[in-house]
Amino acid sequence: MKKISVAIATFNEEENIGKCLKSVVSWVDEVVIVDGSSTDKTVDVAKKYKAKVIVSDNPPIFHINKQKALKECTSEWILQLDADEVVTDKLRNEIINVINQSSTVNGYYIPRKNFLLGRWMKKGGLYPDYVIRLFKRGKGRFPAKDVHEQIDVEGEVGYLKNDLFHYAYPSFAEYLKKANTYTLLTAEKFNQDKLSINVFTTIKYVIVVPIKTFLTIYFRHLGFMDGFPGFVWAFFSALHYPTAYIKYWEKSRH
C-alpha cells in the first residue's frame, strides 16, 4: 500500500476543519496543516486529529501557504484539500485504488460538488468543478500567483469519477465575505498591471465583462436550471469585475 499525505492551509476554519479531517484521518498516513495564525480554535481542532500543524503568516495569495504545506509532506502521494471540503467514501476508495495501481499518471483532476444557498449546484460551471488535488510528491506545485490557479503537475494528468464535497458557501453572508476577498485580490492585480483608468476600460469592466459573464453562466452553462441559487451565482459572479474595478479606481484616487 502506497502512503498518502493530506496537505491543507487554514485560517480561522474552526467550523469546517473538523469535518474535513474526519473524512481523511482514518485512512491517510499524515495530515500537514499550515495555519495562517488563526485567531479562533482552528489549531486546537486540528491537533485533536493528530495533524502536524505549522503556524505561519497569512498572505493574501493563500496558495503560498498551500505550497508550504505541500513541501512538508513526506508520502509518495499528496491529496491537497481546503478546510471546507469533505472526501466522500466513494472518493476515498477510488483514491486508494488509483494510487496503488501501476500507472504513468502523475496527478488527477477530481470533480468537486459545490454547496450554495442550501443546495448542491448542478450547472452554471459549478459542477463538475474539476480541480487537481491528487498527485505524486515532487510532481505538483502551486505557482502561488493567483487565487484561482490550479496545481501545476509535471507529466500526465488523469481524471477521477467520484465527487469531492465543497461546503464553500454555507450562507449568503459567507459568500459575500469571500467575494469581497476575491475582488480585493483582482483590484490588486489591476494595480500591479498598472491598468489604465479611462472610458474604454470602464466600459469593458463595468458593462461588457459582467454582461458576458452573466450570459455565459446563466445560459451557456445552464445556470437557470439551478433555480434561484443559480441566478444568484450568475448575477454576483457578473459583479466581480465591476466591483474590483471600482475598488481599484477608488484606491488610485488616493
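Listed values, structure above:
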| item | result |
| --- | --- |
| Residue within the range 193-212 that is among the polar types (S, T, N, Q) and either crowded, with 19+ Cβ neighbours inside 10 Å or within 30 Å of ILE4 (Cβ to Cβ) (or both) present | no |
| Among the residues listed as SER23, SER38, SER75, SER5, the single one being without any contact (Cβ under 8 Å) to a residue 40 or more places away in the chain, hydroxyl-bearing (Ser, Thr, Tyr) and crowded, with 17+ Cβ neighbours inside 10 Å | SER38 |
| Some residue of the range 222-236 being at positive phi, hydrophobic (A, V, I, L, M, F, W, C) and out of contact with any strand residue (DSSP E or B) (no Cβ under 6 Å at 6 or more places or on another chain) | yes |
| Failed condition for GLN80, given (1) polar (S, T, N, Q); (2) over 26 Å from MET1 (Cβ atoms); (3) in contact with a helix residue (DSSP H, G or I) (Cβ under 9 Å, 6 or more places away or on another chain) | (2) |
| Which numbered condition THR181 fails, given (1) closer than 23 Å to PHE62 by Cβ; (2) outside the structural domain of TRP233 (by TED's automatic domain parsing); (3) within 17 Å of the chain's Cα centre (by Cα) | (2) |
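The values are calculated or read from the model by the stated rules, or taken from the named source; none is laboratory data. Computed from a prediction, not measured in an experiment: that's the story for all the values here. Neighbour counts are summed over all protein chains in view; Cβ atoms, including those assigned to glycine, are modelled from backbone coordinates with ideal geometry.
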